[in-house]
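Just so it is clear, none of the values below were taken in a lab; they were calculated from the coordinates. All values reported here derive from a predicted model rather than from experimental measurement. We place every Cβ from the backbone using ideal geometry, glycine too, and count neighbours over all the protein chains shown.
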Amino acid sequence: MKNYIFGNKYCSILITPICMKYLSLTILILIVSCAKKNESENLKTTVKTLKAETPIKLTDKSVKFLWREDAYDKELKDTVNSIFINKEYSKNISEPEKAALGFVASFIGSECDWDGEPNAKYDNLSCKINTALNIGYQCSEEHLNFLRKWFKNDKKQLERLKDCSAVPFTASVQNTFDYINVVTKGDTIKITFKANGVNMRTENSWSYKEEDTFVFKKDNLVLVKSKESEIESHSFKSED
């Protein structure tokens with residue numbers, strides 16, 4: 001005669017009422033466990049499907065994304081002019097708007113500094129805009145792959161991304177932002193900014209304004225228009 005164990009009860013092949021009780025309970029637990037597992041897996045699949053199928057819809061808005069103002073620096077113990085970013089907007093920003101801003105920031109610095117020592121690939125440069133948008137280090141694969149995905153149908157801009165600028169704020173030649181404004185209307189995203197640059201070697205500086213217009217098309221962006229003002233140059237050479 002064979003014997004079986006159900007729970008902590010030792011039973012023979014002759015199924016007694018008490019064995020039947022534990023056998024039924026064990027089967028019920030297994031059925032409930034499998035049902036919950038299947039329900040959980042079905043829910044995950046449904047959520048993924050909804051995320052994949054839900055189209056992105058832009059909301060009309062006009063936002064000041066980046067600006068400069070004087071602020072006291074505890075380390076320097078002095079007032080310095082620094083970049084500030086609209087954190088509330090950055091938290092709820094749409095992916096197309098994030099891509100448009102990330103693209104513009106690929107060629108101009110936003111108080112960028114190395115995260116520790118520069119690595120062998122020079123792809124650990126932390127910039128304020130990239131950090132706010134959570135798109136990775138400047139010109140890193142994470143940063144560029146995100147933009148390549150969004151500009152996949154804009155060959156001209158994909159080519160431009162090869163010139164991504166990884167320049168720290170300590171460089172003798174660099175560009176940075178004065179302000180960035182974002183206006184979204186319908187399927188159009190317009191980025192307006194002012195940038196300035198400096199060349200410490202030649203003791204020259206410059207500034208210009210630019211307006212870039214992007215069109216959102218289902219799952220990609222196209223830069224349809226770029227308007228740049230004349231560059232204003234200045235010299236700050238010291239007179240002997």
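Going from the residue with the fewest nearby Cβ atoms within 10 Å to the one with the most, S94, S235 rank S235, S94.
Beyond 18 Å, the tail of the calculated P(r) for segment 75-159 holds 47 percent of the Cα pairs.
Shown is the FRET efficiency for D115 and E230, computed with R0 = 35 Å from the Cβ-Cβ distance and rounded to the nearest 0.05: 0.45. Of the residues V173, V183, the one with the fewest other Cβ atoms within 10 Å heads the list, and the complete ranking is V173, V183.
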